[in-house]
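Take a look at the structure below.
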Amino acid sequence: MIDSARARRSISFSLKDHTETLIDLALAEDLGDGDVTSQYFIPADRRARAFITARREGVVSGIELAARVFEKVDPTLLVEILIEDGSRVSEGALLLRVEGSARSILGGERTALNFAQRLSGVATLTARYVDAIKGTGARILDTRKTTPGYRLHEKKAVVDGGGHNHRMNLHDRAMVKDNHLVTEGGVAAIQAAIQHLKNDKPGIEVELEADRLDQVREFLALDGVAHILLDNMSIDDLREAVSMRGERTTPMFEASGGVTLETIRDIAATGVDFISVGALTHSAPALDIGLDFTPLEIS
């Protein structure tokens, strides 16, 4: 698990290198050879003011991204972020103001809203899961089940919603599941592989997946294991797995599989350290966010 404060710094730094390309791709697919509607129906000198507005309550994310869209469409547009990413907002909240060429605002509208709606949806769903386990010792994790090309932004949205990031990609952590051939040699082969990894890459954490309690018992006896993933275990088995650890604080336990808003509090109450939820990024509904024009004062 990546520390939340460190995750924000790391994601922020990486986003700077990634955002421009993603926006360019999104604008290219939406604008194509130009906005023919605005070209023929909006006078070239028409100025306008518009606000991006939350039409449902939720947690916002992607507002900075939306602002950058308008700046790339037309650097002369005046863009002001009114509410920062990670804020909880009520219906009707004004999130961003943009003023300038009406054609330019319309040219960036859909791309800006696509980013804000999608990422705010992730942040809002994450916040619902975080709220559902308040008072327990568990923390919510995302997964790698992200929209291709959007991973950094969706994982930032999870942090905006109060969750935590699991590994960003395959080189962040060794995560040994049943599909990995190393398990064919049993625990001795796993221990040897852990030692080999630690010799070559001492900073990389190791997580082992267990779907039975006898595996948990075996994995607890290994050296160098930072996390054990408890996959699709019943509530009773999760509780038993945690009890096997005794007074130790490591390895840390991550519950995964069959997690819903209806089941997550019971899962958290077993004493696991983390609960990973793929739905945060693969099934989050978009938050209803729109762009509305308002009259410009005539001087």
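A few comments on the model shown:
- The C-beta contact set for the range 87-105 (first residue closer than 26 Å to ALA127 by Cβ and touching a residue at least 60 places away in the same chain (Cβ under 8 Å), second residue surrounded by fewer than 20 Cβ atoms within 10 Å (Cβ to Cβ) and of a type in the set (Val, Ile, Thr), distance under 9 angstrom, 6+ apart or interchain) comprises LEU95/THR53; LEU95/ILE81; LEU95/ILE83.
- Qualifying residue in the range 149-156 (condition: free of Cβ contacts under 8 Å to residues at least 24 places away in the same chain, in a loop (DSSP other than H, G, I, E, B) and not small (Gly, Ala, Ser)): no
- Number of the condition not met by LYS134 [criteria: (1) assigned to a loop (DSSP other than H, G, I, E, B); (2) of a type in the set (Lys, Arg); (3) buried (at least 16 other Cβ atoms within 10 Å of the Cβ)]: (3)
- Of the residues making up the range 72-91, those that are within 18 Å of LYS16 (Cβ to Cβ) and touching a Gly at 6+ places or on another chain (Cβ under 9 Å) are LYS72, VAL79, ASP85, GLY86.
- ARG68 in contact (Cβ under 8 Å) with a residue 60 or more places away in the chain, basic (Lys, Arg) and under 27 Å from THR281 (Cα atoms): no
- Sub-6 Å Cβ pairs linking a first residue in the range 22-37 that is in the same structural domain as HIS153 (by TED's automatic domain parsing) and exposed (fewer than 10 other Cβ atoms within 10 Å of the Cβ) to a second residue that is hydroxyl-bearing (Ser, Thr, Tyr) and modelled with pLDDT under 95, at least 6 apart or interchain, number zero.
- Residue in the range 158-208 that is farthest from ILE133 (Cα to Cα), counting only those that are at pLDDT 95 or above and of a type in the set (Gly, Ala, Ser): GLY161
- Per this entry, MET168 is not counted among residues that are in a strand (DSSP E or B) and not assigned by TED's automatic domain parsing to the domain that holds GLU29.
- Among the residues examined, GLU262 qualifies as of a type outside the set (A, V, I, L, M), exposed (fewer than 14 other Cβ atoms within 10 Å of the Cβ) and closer than 30 Å to ARG55 by Cβ.
- Among the residues of this structure, ASP211 counts as one that is surrounded by 14 or more Cβ atoms within 10 Å (Cβ to Cβ) and at pLDDT below 95.
- Annotation: SER276 fulfils all but one of (1) surrounded by fewer than 17 Cβ atoms within 10 Å (Cβ to Cβ); (2) in contact (Cβ under 8 Å) with a residue 60 or more places away in the chain; the unmet one is (1).
- For the range 11-61, a residue qualifies if it is aromatic (Phe, Trp, Tyr) and closer than 30 Å to SER90 by Cα, and the qualifying residues are PHE13, PHE51.
- Qualifying residue in the range 143-157 (condition: among the β-branched types (Val, Ile, Thr) and over 16 Å from GLY62 (Cα atoms)): yes
- Residues (over 14 Å from VAL69 (Cα atoms) and crowded, with 19+ Cβ neighbours inside 10 Å) located in the range 88-99: VAL89, ALA93, LEU95
- Only one of the numbered conditions (1) assigned by TED's automatic domain parsing to the domain that holds LYS198; (2) buried (at least 20 other Cβ atoms within 10 Å of the Cβ); (3) touching a residue at least 40 places away in the same chain (Cβ under 8 Å) is violated by VAL122, and that is (1).
- Any hit, the range 194-217, residues being of a type in the set (S, T, N, Q) and within 30 Å of TYR150 (Cβ to Cβ): no
- Contact map, the range 41-62: residues that are more than 18 Å from GLU84 (Cα to Cα) paired with residues that are surrounded by fewer than 24 Cβ atoms within 10 Å (Cβ to Cβ) and among the β-branched types (Val, Ile, Thr), Cβ distance under 6 Å, separation 6+ or inter-chain. Pairs shown: ARG49/THR294.
The values are calculated or read from the model by the stated rules, or taken from the named source; none is laboratory data. Quantities reported herein were computed from a predicted structural model and do not represent experimental measurements. FYI the Cβ positions are ideal-geometry reconstructions off the backbone, even for glycines, and counts take in every protein chain you see.
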